[in-house]
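A quick write-up on the structure given underneath.
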């Protein structure tokens, strides 16, 4: 409960600046901020996450990692030189950048910088953080959070991964599917252009399915196991 409440508080502020669009974005400047208001899954809630992991949502690289008080989701970019934090490590209650050793607390604020970066201080650096909410056995995040988390219902089935081991298969519930015609994207339904509405809905469904496939493929779980061995 504490983690969910903290996530709701985090969702009350906008992590990204107005008008932000990722570099090399495959979505239009009009579509991306609409889609970014949706909640997307980034990993299983029971993922070991022994090491920070990169997850891409709507062309934006995120770093997902576990601290003692829960899973965190931030932008996979160190505020010092822009290098990926997913190449770093977890030490105690901090995320440590692998390149220059900057340390970041659970709120993304830098807690320590190496002496070689003087006169820069820890107050100068902060990781852009996003809310993390556990629902349906997954961790969900939103790039442009606005109000209460609107997380769609999903179903979970088990099927063989081709090696005799069961692999989870995540899907949106039928009432959220494109076939049912009832997939509710609250910010999209305000658009009077029905053709564009359908296009945005299809883009969102494609992104959901891509992320579900990545989470259910077992690649994340295998990576965690290797890091623990």
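Please treat every number below as a calculation from the coordinates, not as lab data. Keep in mind the model is a prediction, meaning the values are calculated, not measured. Glycine also receives a Cβ, built like all others from the backbone with ideal geometry; neighbour counts cover every protein chain displayed.
Could you sort the peptides 38-45, 95-102 by per-residue average Cβ neighbour count (10 Å cutoff), highest mean leading?
38-45, 95-102
Using 0.36 nm per residue of separation minus the Cα-Cα distance, give me the extension gain between residue 126 and residue 205 in nm, one decimal.
That pair, residue 126 and residue 205, stretches by 25.2 nm at full extension.
Could you please rank 51, 120, placing first whichever residue has the fewest other Cβ atoms within 10 Å of its Cβ?
120, 51
Between residue 171 and residue 61, what is the label-to-label distance in nm when each label sits 7 Å out along the Cα-to-Cβ direction?
Those two pseudo-labels are separated by 3.4 nm.
If you scale each eigenvalue of the Cα gyration tensor by 5 and take the root, what three semi-axes come out for segment 34-111, rounded to whole angstrom and sorted largest first?
20, 16, 11
For segment 69-122, I need the span (max minus min coordinate) of the C-alpha atoms along each principal axis, in Å, sorted largest to smallest.
Ordered largest first, segment 69-122 gives principal extents of 33, 19, 15 Å.
Assuming R0 = 22 Å, can you tell me the calculated FRET efficiency for the pair residue 146 and residue 107, based on Cβ-Cβ distance, to the nearest 0.05?
0.65
For residue 20 and residue 197, calculate 0.36 nm times their separation in residues minus their Cα-Cα distance, and state this gained length in nm to one decimal.
Separation in residues times 0.36 nm, less the Cα-Cα distance, equals 61.6 nm.
State whether segment 1-150 is rounded, prolate or oblate according to the following rule on the C-alpha gyration tensor (a ≥ b ≥ c being the square roots of its eigenvalues): a/c under 1.5 gives rounded; otherwise a/b larger than b/c gives prolate, and the remaining case gives oblate.
oblate
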